[in-house]
Amino acid sequence: MACLLLLFVVSCSQKETFRVDGSVPDTTFNGSKVYLVALDGPISRNVDSTFIVNRTFDFEKRADSLCVEIIRAPLLARNALQELVVVNEKGTLNVVLSTNSHSEGTRLNNILQEWKELKQSYDSAQETLYSQKSREGVSKKFIDSIMKYSDSLGKNYESYVMQLMNENIHNGIGLLLFKVNYQNLAGEDKKRILKQTGKLYCRKDAQLRLMISNDKSSAK
């Protein structure tokens with residue numbers, strides 16, 4: 001009996017953990033709070049916090065590769081410290097909060113970082129194209145060529161996102177991309193993904209559950 005109790009205690013103490021080792025650019029942020037907010041935070045109110053000490057901060061939680069959270073600075077510091085979305089995957093994630101926050105360390109979060117960088121490039125390219133199109137005196141032919149190129153970029157990005165979603169459908173990346181792109185997904189894609197994931201996403205994200213329940217296009 002004593003052996004069984006010891007095994008239980010050991011197994012409980014060896015739960016897989018997700019750790020964030022974070023840093024900020026300079027000491028002006030010392031004493032400021034950093035928050036770890038659930039992706040459905042507006043509904044669940046699930047928030048952890050810690051303080052920045054000597055330009056560093058850390059979080060440690062039970063690992064869950066389907067759990068997505070946001071590392072977020074206080075409101076007054078958010079222009080200098082961009083928020084960062086992370087997956088609570090087993091292992092240690094090295095995070096740098098700055099005007100262009102980034103992370104490295106676990107497989108899923110490395111993939112998430114690649115997506116973030118590609119999305120930033122895509123958004124920047126589309127913004128540049130829109131600015132060129134909006135200039136005074138440009139010809140209709142030029143505008144048409146800009147729109148054609150913009151549509152091409154959009155289709156390529158959408159294809160990339162869909163592939164990434166499908167490859168990660170049963171982890172936090174799939175949940176995040178499904179939620180972020182939910183309003184733009186075709187009804188058939190919503191139904192297919194929800195059929196594959198069952199109640200997985202809805203159990204994990206109360207905000208997404210509400211979005212789905214209010215959406216007639218995802219109804220069977």
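Some values worked out for this structure:
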| item | result |
| --- | --- |
| Per-residue Cβ neighbour rank within 10 angstrom, fewest leading, ARG62, ARG55 | ARG62, ARG55 |
| With at most 16 other Cβ atoms within 10 Å, longest stretch of the chain clear of loop GluC sites (Glu not before Pro) (DSSP) | 137-220 |
| The chain: relative contact order in percent, alpha carbon pairs under 8 Å with at least 6 residues between | 17 percent |
| Two-site label geometry, SER98 and LYS199: point separation in nm, points 7 Å out along Cα→Cβ | 4.5 nm |
| Computed helical MRE - 222 nm, the chain, DSSP H runs ≥ 4 contributing -39500 (n - 2.57), nearest 500 | -15000 deg cm²/dmol |
| Net length gained if the chain between TYR149 and ASN54 were fully extended (0.36 nm per residue, minus Cα distance) | 29.5 nm |
| Sorted by Cβ density within 10 Å, fewest first, the residues TYR201, TYR130 | TYR130, TYR201 |
| Estimated inter-spin distance, ARG107 and LYS216, nm [label 7 Å along Cα→Cβ] | 4.3 nm |
| Principal-axis tilt of helix 107-133 within the chain, Cα atoms, nearest 10 degrees | 20 degrees |
| Percent of beta bridges antiparallel (DSSP, the range 40-181, rounded to nearest 5) | 100 percent |
| The chain: angle of helix 140-167 to the longest principal axis, Cα-based, in degrees nearest 10 | 20 degrees |
| Theoretical FRET efficiency, 1/(1+(r/R0)^6), r = Cβ-Cβ of ARG45 and ARG78, R0 22 Å, to 0.05 | 0.70 |
| The chain: angle of helix 187-197 to the longest principal axis, Cα-based, in degrees nearest 10 | 20 degrees |
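Taken together, the values in this text are just the output of simple stated rules run on the coordinates, not laboratory data. The model shown is predicted, which means the values in this text are computed figures rather than measured ones. Quick reminder, even Gly has a Cβ in these numbers, built from the backbone with ideal geometry, and neighbours come from all protein chains shown.
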